[in-house]
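Comments concern the structure below.
The values are calculated or read from the model by the stated rules, or taken from the named source; none is laboratory data. In this text the structure is predicted, and so the values were computed from the model without any measurement. Quick reminder, even Gly has a Cβ in these numbers, built from the backbone with ideal geometry, and neighbours come from all protein chains shown. Each accessible area value is taken on the protein alone, full model and side chains, heavy atoms only, with ligands, DNA and RNA left out. Shrake-Rupley method; radii C 1.70, N 1.55, O 1.52, S 1.80 Å.
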Amino acid sequence: MFASFQRTLKFLHMKVNLILRSWSLLTGLLIGHSGFTLTAQETKAAYRDATQPLETRVEDLLSRLTLEEKISLLHADSKFTTAAIPRLGIPRRWLDDGPHGVREDIGPDTWQSAGRTDDFSTAMPSGICLAATWNPDLGFKEGEAIGQEARWRGKDIMLGPGVNILRTPLCGRNFEYLGEDPFLSGVMCSGYIRGEQSLDISSCVKHFALNNQEYQRGTINVEVDERALREIYLPAFKAAVQAGSVWSVMGAYNQLRGQHCCHNDYLLNRILKEEWGFQGLVMSDWDGTHDTHQAALNGLDLEMGTETNYANFYLAQPYLNGLKSGEFPMTGLDEKVRRNLRVMIATHVLDANRKPGSFNTAAHQSVARQVAEEGVVLLKNENHALPLDPAKIASIAVIGENAIRLHAHGGDSSGIKAFYEVTPLQGLVNRAGKAVNITFSEGYQKDGSADLAARAVSAAKAADVVIYIGGLNHDKGFDCEGADRKDLKLPYGQDELIQKIAAANPRTIVVLEGMMVEMDAWLDQVPAVLQAWYPGMEGGNALARVLFGDVNPSGKLPATFPKKLSDSPAHALGNYPGANGTVTYAEGLLVGYRWFDTKHIEPLFPFGHGLSYTAFAYSNLKLTPTGTGVTAEFEIRNSGQVPGAEVAQLYVHPVKPGVLRPEKELKGFKKVFLKPGERQTVSLPLPKAAFAYYSPERKSWVAEQGAYKILVGGSSRELPLQGEFQWAETSLVK
Ligand code: BGC
């Protein structure tokens, strides 16, 4: 009752807001879109003329700015804005987090909520869930929906997606990122960026680079060899730049080889701008700038922060002083300003016809649900424990705190003030509450209670089926910014609780929210396990639809689930969290499945794993050389009884490499939807780059001559198709 009253209030508020927004857009058009009154000269200036080429507009506007105005564009003037220049009709630029929706407004000079009532938004599932869909079209749709809401809220730059590679399962922000594989992360992030930027918004891919742990994130120095840097940690960023055409990049808090990433000459000037041709702006993470000289010269274009004395920012008065004294060249200043203006003009900040966006539409909610439905991974399903048939079940005991816990607002900067959030319990009641008697017991709490556990066990005994919904949450120390997890264990005594529940009722389905955990304590005792990540505001409905078979699960793991922490590379080698301020990535290239495969370590669940309610048969692999690469063609057939989707994965295995190579690497994938009995031919292009490694000596990618196995299937450890391809000679690859 109260919830529906609350929803009605929010709805009315949105309507009033809609009328006000339409009025301000109309008056904006009459005055000049940003609301400033311009002189006749400026109204006619080339930079205001949307028919002029981008660079003409940029140079024209640059030529009109005073030194002080230029400086004002290079640093924050509140937590999430930069200053307006009313004289030229340049509005305040609004930045916002990212990446799971449009964060609530705060500040301007504090991290406290701004107390608005019009900043509820669609809460998408977390980044790792999006990655688990392996569906770049959904990435595009999610980016597009967030872009629309960002425009509606008047934002210019959205701080996402986050693409740092999962090096250790303990990193507190793994849930925001796209997993352990550079290729998958690159494909998924570029879809998202293209979708978001189609709404006249700049995405901001973050955190460039090597922000792979939260422990000492502001200071830790990363030592990584050049091949691992190029082959593992940079490709997703490169894809964001080259395939996604991202307009903004955020530097990371940590250091690389002794220099902070927000002003790291090698990363920003040499690689990002010179090698990759990035034309947009580099901003710092909040308070990630530490030095005026480096900020001036090493590729930083916009300084954001948490301090409130904005004139003291490194790129404010101190930079201005250095420019005036001749310490820093004016050409460097112009280059930074040019990049800021380019992003502004390219995203139509100065144009009357900028896309207005939309807010909390049914379409956005349906994208949130679809991502959750396709991102849920069915880890185990014995004896057809799932899907559940409501006609054959009289009662379900739902157990576990995550069945009723709201997650969307948590995790820190990626948290969303959700318009609403359907919990798993609510979703199950929505779906089956009329036909089935559903009971709920919490089972565990943060501070523990034997009584809760005992009540859950008797509820389990009394029911036909148990759906246990536990896992992690966004409390500090679990999946949350600013700290790492301490271990891979399920907290709050959940291991023992699941053991007891499964003993009381063998039809116990385990649903885990959050990131990966150890499961050995109870995995053999339960017939089915689902990994639901943080599934966003439609998560409860999505989960219920998967559990009851309205949706056939098609998610695949974007990261290896180890049996125990010490199996994963950074921990096996003792290279986490580092010592004396430095962490050395001694595992080099062997991150995630590259390590488990090369070292023959059995994971709990392998990279790419995910079951379905139907089955798929692979056949007829054909490899056709194209001159610049090879095309792999094969067939997939839905050989089971129900419609479903399969993610066909292609890995390349160098047979006798002359240098160290991982056992195999993902180089192509495609999600296909098939009815029972239906078959489809899949064609995956493999350019020469798919065979190449980075040679630090030659400073180039090299495709080595020799044989390569092409392996195709539905998981990194289930690859029924094999073919072989030869490169006759070694060649350099762009
Ligand atoms: C985070 C960024 C975020 C920024 C602004 C920083 O602490 O690392 O990811 O975009 O805050 O909220």
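The share of Cα pairs per 10 Å bin across region 258-309, counted from zero up to the longest distance, runs 28, 54, 16, 2 percent.
For region 119-188, a simple Cβ point-charge model (Lys and Arg +1, Asp and Glu -1, everything else neutral) yields a dipole of about 140 debye relative to the Cα centre.
The calculated pair-distance distribution of region 319-457 uses every alpha carbon pair, bins of 10 angstrom beginning at 0, and gives 8, 20, 25, 16, 10, 12, 7, 2, 0 percent. Viscosity 1.306 mPa s, temperature 10 °C: what is the translational diffusion coefficient of region 521-656 from Stokes-Einstein with a Kirkwood Rh over Cα pairs, rounded to a whole number of µm²/s? Roughly 86 µm²/s, to the nearest whole number.
Around K70, what is the net charge, scoring Lys/Arg as +1 and Asp/Glu as -1 over all other residues with Cβ under 9 Å from its Cβ? Every neighbour counted, the sum reads -2. Using the average count of surrounding beta-carbon atoms within 10 Å as a protection proxy, the listed peptides 360-372, 599-611, 95-107, 528-540 rank, highest first, as 528-540, 95-107, 360-372, 599-611.
Per atom type, the chain shows carbon and sulfur on 53% of its accessible surface, probed at 1.4 Å. Rounded to two decimals, the Cα-based Rg/Rh of region 238-377, with Kirkwood Rh, is 1.07. One chain, two ends: D389 and Q525. Fully extended at 0.36 nm per residue, the span grows by 46.8 nm beyond their Cα-Cα distance.
Counting every alpha-carbon pair across region 429-526, the share separated by more than 22 Å comes to 32%.
In percent, rounded to a whole number, the relative contact order of the chain is 13, using alpha-carbon pairs under 8 Å and six or more apart.
In the chain, the DSSP beta bridges split such that about 60 percent are antiparallel, to the nearest 5.
Once you reduce region 130-159 and region 57-120 to the center of their Cα atoms, the two points are 20 Å from each other. Counting only heavy atoms of the protein chains and using a 1.4 Å probe, L297 has close to 70 Å² of accessible surface.
Using every pair of distinct Cα positions in region 481-567, the Kirkwood expression returns a hydrodynamic radius of 14.6 angstrom. Note on region 392-426 and region 562-633: Cα centroid distance 31 Å, given to the nearest whole angstrom. Among the listed pairs K564/K622; K70/K273; K355/K476; K489/K556, those with a Cα-Cα distance over 27 Å are K564/K622; K355/K476.
At each listed q (0.14, 0.16, 0.19 Å⁻¹), what is the log10 of I(q)/I(0) that the Debye formula gives for region 197-321 modelled as equal alpha-carbon point scatterers? Values returned for q = 0.14, 0.16, 0.19 Å⁻¹ are -0.57, -0.75, -1.04. Think of each Lys and Arg Cβ as +1 and each Asp and Glu Cβ as -1; about the Cα centre, that makes the dipole of the chain roughly 1260 debye. Among the DSSP beta bridges whose two residues both lie in region 501-635, what percent are antiparallel, rounded to the nearest 5? Just about 60 percent of them are antiparallel. Taking every Cα-Cα distance in region 124-254 and sorting them into 5 Å bins starting at zero, the pair-distance distribution P(r) comes out as 2, 12, 22, 24, 19, 12, 6, 2, 0 percent. Rounded to the nearest 500, the 222 nm mean residue ellipticity of the chain from helices alone is -8000 deg cm²/dmol, with -39,500 (n - 2.57) taken per DSSP H run of at least 4 residues. Using 11 Å as the cut-off for backbone N distance, which residues of region 329-360 belong to the label zone defined by a point 7 Å from the Cα of E69 along Cα→Cβ? Once the point is set 7 Å along Cα→Cβ of E69, nothing inside region 329-360 turns out to lie under 11 Å by backbone N. Here r is the Cβ-Cβ distance between E382 and Y266 and R0 is 60 Å; the resulting FRET efficiency, rounded to 0.05, is 0.75.
Placing T306, T681, T122 in order of accessible area, with the largest value first and a 1.4 Å probe, yields T681, T306, T122. Approximating the spin labels as points 7 Å out from Cα along Cα→Cβ, the Q279-to-T582 distance works out to 4.0 nm. Taking every protein chain into account, the accessible area of the chain amounts to 36 square angstrom per residue (probe 1.4 Å). Based on every Cα atom in region 44-106, Rg and the maximum pairwise Cα distance Dmax equal 14.2, 39 Å. Farthest toward the positive end of the dipole of region 144-280, out of G154, A252, A236, is the Cα of G154, where the dipole comes from beta carbon charges about the Cα centre.
Pairs from the table (K599/K664; K563/K670; K79/K141; K667/K734; K500/K563; K79/K155) lying more than 18 angstrom apart at Cα are K563/K670; K79/K141; K500/K563. The simple spin-label model puts a point 7 Å past each Cα toward its Cβ; for T219 and K446 those points are separated by 2.8 nm. With coordinates expressed along the principal axes, the C-alpha atoms belonging to region 66-152 extend over 48, 28, 20 Å, beginning with the largest.
Kirkwood-type hydrodynamic radius, region 109-162: 12.9 Å, calculated from all non-identical alpha-carbon pairs.
For the peptides 44-55, 703-714, the ranking by mean Cβ contacts within 10 Å, running from highest to lowest, is 703-714, 44-55.
Hydrodynamic analysis of the chain uses the Kirkwood radius over alpha carbon pairs. Inserted into Stokes-Einstein at 20 °C and 1.002 mPa s, it gives a translational diffusion coefficient of 80 µm²/s. Given +1 at the Cβ of Lys and Arg, -1 at the Cβ of Asp and Glu and no other charges, the dipole of region 574-689 around its Cα centre is 280 debye to the nearest 20. Where the centre of each part is set by its Cα atoms, how far does region 239-286 sit from region 683-701, in angstrom? A separation of 22 Å, based on Cα centres. For the peptides 188-199, 73-84, the ranking by packing is 188-199, 73-84, with the highest mean count of neighbouring Cβ atoms within 10 Å listed first. Length gain on complete extension for the stretch K734 to K476, per 0.36 nm per residue less the alpha carbon to alpha carbon distance? Gain on extension, K734 to K476, equals 88.6 nm. Each of K336, K434, K675 has its accessible area taken with a 1.4 Å probe; listed largest first, they run K434, K675, K336. Spherically averaged projected area of the convex hull of Cα atoms, region 277-341: 4.3 nm².
Report Rg(Cα)/(2.2 N^0.38 Å) for region 442-487, keeping two decimals.
Cα Rg divided by the expected 2.2 N^0.38 Å: 1.49.
Express the Stokes-Einstein translational diffusion coefficient of region 605-734 in µm² s⁻¹, to the nearest whole number, given a Kirkwood radius over alpha-carbon pairs, 37 °C and a viscosity of 0.692 mPa s. Value of D from the Cα-based Kirkwood radius: 212 µm²/s.
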